[in-house]
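Below is one structure, written out as structure tokens, with a few remarks after it.
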Amino acid sequence: MSDFHPSTRFYRFTVLFFAAFILFGSYFAYDSVGALVEALMKKFGVGREAIGFTYTMYSLAAIPTVFLGGWLVDRLGTRRASLLFSLLVTAGSVVVAFAPSIEVLYVGRLIFGMGSESLVVAQSAILARWFTGKELALAFGIALTVSRLGTLFTFNTEALLAERFSPEFALWTAAALCAASLVINLVYNLLDKKAEPVLKLREAGTDKVDLKDATRFGSSFWFVTLLCVTFYSAIFPFTALSTDFFAEKWGLPMTAGQEGGFLASAFSNYLHMFSTAPGTTSIIIFASMVFAPFAGTLVDKMGRRASLMIVGSLLMIPAHLALGLTDIPPAIPMIVLGAAFVLVPAAMWPSVPLVVEPKLVGTAFGLMTAVQNIGLMAFPWLNGKLRDATHGYVASQVMFASLGLAGLAFAILLLRADKRNGGALERPGSGA
């Protein structure tokens, strides 16, 4: 039998390689506007509120996507659906790069958001299709790491591209990476099509949302969901506009200033992550990439999910206040935020199957993601508006610290509710 037969482990992990990179371009392009805040403000003659609104447009598209994405994957199959979503991602990123006005850029982000969030759903279905009963947790971990690499590269290369070439070139680079991910998706399609009749692959079920089932969720689920929206609203809207925050307040350079070619300069940016504005922004993402797999293993072994969510929420409050009210080096509170970004998601997402009925897990995840995007729709715009109105950073950071305080309250209420319901979240393993 050939080493590249669909039944071999090598073939399966080749599929994983291409499936993991389907989202690389999307994750890179998502924060490309955040990495180029100053340049885009000058180009379009707008304030930070307008740049923050680009994230609002993305999340505005993402909310209905949660309800439609799973249905489309089931209707079209993972291959055709993922190609459709990749095309939308690429088209949206091209419109963003081409945009002659801020209004056209908004349209591009709307198209981009429609494809990007649906592509996340499709990738999950692909991994479940190929790895259920085998190395599913490992496959999801690898795919998440590759996706986070896209974000890490954004913050450490887009400003350099804008400096060496132009902001437009930087945005076109993001569009080119989305197109490359589309080509990678085509390769996955060919591999999957070849294997389907041999392995008799079946479509995996996706997380479809049935709002009628939401009335059956208990208080623990709603506390987890409210923690989700407050937690992510204190992370992603902050990082969206944090690069120029670090440049303005602490005078951190946008690049490491390495002489030589582009690759040498890019490598220097990564080596100087703690001393550049984009690098400091990416500390949170870097922490997630490196430590998230270990945190997941820790949660499985020790349990204490609600307690870890309390610790993570608590960490966010002094970190945001320190960034807004003090002049201590920003890398220190960013490391603290990175620790929170490792602890809370590692405990939060695995908690959902423990607090809802098994047949309602898909609806629970979908509804939780939709509510999360409502927060991600509002707070990037509000962050920019506060920055423009106050010409400072204190109001925004107090807002983010307040979100951390609200998350802490929800985590404490979750722990109390879990104790009343038998303590499944605090037990190790499955919690059963």
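May I ask you to rank 356, 398 by accessible area, largest first, using a 1.4 Å probe over the protein chains only? Spell out each step's value before the answer.
Values: 356 15, 398 60 Å².
These residues rank, largest area first, as 398, 356.
Heavy atoms of the protein only, probe of 1.4 Å, neighbouring chains included. What is the accessible area of residue 215 in Å², nearest 10?
120
Quick one: pull the percentage of alpha-carbon pairs in the range 285-432 with a separation above 18 Å.
Numbers: 6880 of 10878 pairs.
Result: 63 percent of Cα pairs exceed 18 Å.
Which entries in 193/359; 134/212; 200/301; 194/359; 301/419 show an alpha-carbon gap greater than 26 Å?
Values: 193/359 30 Å; 134/212 33 Å; 200/301 35 Å; 194/359 32 Å; 301/419 19 Å.
Correct reply: 193/359; 134/212; 200/301; 194/359.
Given the protein chains as shown and a 1.4 Å probe, how many square angstrom of residue 9 are accessible, to the nearest 10?
That residue has around 140 Å² of solvent-accessible surface.
Compute, for residue 193, the solvent-accessible surface of its heavy atoms (probe 1.4 Å) with the complete set of protein chains present, and express it in square angstrom to the nearest 10.
130
Got a number for carbon plus sulfur as a percent of the chain's accessible area, 1.4 Å probe?
Working: 12080 of 17290 Å².
On the chain, the fraction of accessible area on carbon and sulfur atoms equals 70 percent.
Assuming 1.306 mPa s and 10 °C, estimate D for the chain with Stokes-Einstein, Rh taken as the Kirkwood radius over Cα pairs, in µm²/s.
Details: Rh = 22.1 Å.
So the translational diffusion coefficient is about 72 µm²/s.
State, as an integer percentage, the relative contact order of the chain based on alpha-carbon contacts under 8 Å between residues 6 or more apart. Please report the intermediate quantities before stating the final value.
Numbers: 740 pairs, mean separation 106.1, N = 432.
Reported relative contact order: 25 percent.
Take the alpha-carbon centre of the range 142-198, take the same for the range 3-26, and report the distance between them in whole Å.
Between the Cα centres of the range 142-198 and the range 3-26 lies a distance of 16 Å.
Report, in order of residue number, the helices in the chain meeting two criteria: a C-alpha extent of 24 Å or more along the helix axis, and a mean Kyte-Doolittle hydropathy of at least 0.5; treat each whole DSSP H run as one helix. Can you show the working numbers first?
Details: long enough: 48-76 (40 Å, 0.70); 78-98 (30 Å, 1.42); 102-131 (42 Å, 1.10); 136-164 (41 Å, 0.99); 167-199 (48 Å, 0.89); 283-302 (26 Å, 1.62); 305-325 (31 Å, 1.60); 331-348 (25 Å, 2.29); 361-390 (43 Å, 0.54); 394-420 (39 Å, 1.17).
The answer, listed by residue number, is 48-76, 78-98, 102-131, 136-164, 167-199, 283-302, 305-325, 331-348, 361-390, 394-420.
Residues with beta-carbon under 14 Å from that of residue 15, excluding residue 15: net charge, scoring Lys, Arg +1 and Asp, Glu -1? Spell out each step's value before the answer.
Details: positive: 9, 12, 79, 129, 134, 193, 194; negative: 135, 192, 196.
Summing Lys and Arg as +1 and Asp and Glu as -1 gives +4.
Is there a quick way to get the dipole size of the chain? I mean about its Cα centre, with the Cβ of Lys and Arg at +1 and of Asp and Glu at -1; what is the value in debye to the nearest 20? Write down the numbers at each step before the final one.
Details: 31 positive and 26 negative charges, 242 e Å.
So the dipole magnitude of the chain works out to roughly 1160 debye.
Between the range 50-74 and the range 337-407, what is the separation of their alpha carbon centroids in Å?
16
Rounded, prolate or oblate: which fits the range 51-95 when a ≥ b ≥ c are the square roots of the eigenvalues of the alpha-carbon gyration tensor, with rounded for a/c under 1.5 and prolate only if a/b beats b/c? Intermediate results must be reported in sequence, preceding the final value.
Numbers: a/c = 4.95, a/b = 1.58, b/c = 3.13.
Oblate shape, in that a/c is at least 1.5 and b/c is the bigger or equal ratio.
Students sometimes get this wrong: rank 126, 374 by accessible area, probe 1.4 Å, all chains present, largest first. Numbers along the way, then the final one.
Values: 126 0, 374 90 Å².
From most exposed to least exposed: 374, 126.
Ordering 304, 420, 109, 164 by accessible area with a probe of 1.4 Å, largest first, what comes out?
420, 304, 164, 109
For residue 385, which lysines qualify as cross-link partners when the Cα separation must be under 19 Å and same-chain residues fewer than eight apart are set aside?
42, 43, 249
Taking Rh as the Kirkwood radius computed over C-alpha pairs, what is the Stokes-Einstein D of the range 78-220 at 20 °C in a medium of viscosity 1.002 mPa s, expressed in µm² per second? Spell out each step's value before the answer.
Numbers: Rh = 17.2 Å.
Taking Rh from Cα pairs, D becomes 124 µm²/s.
The values are calculated or read from the model by the stated rules, or taken from the named source; none is laboratory data. None of the values given here were measured: they were computed from a predicted structure. Backbone-built Cβ (ideal geometry, glycine too); neighbour counts: all protein chains shown. What goes into the accessible areas is simple: the full protein's heavy atoms, side chains included, and nothing from ligands, DNA or RNA. Shrake-Rupley method; radii C 1.70, N 1.55, O 1.52, S 1.80 Å.
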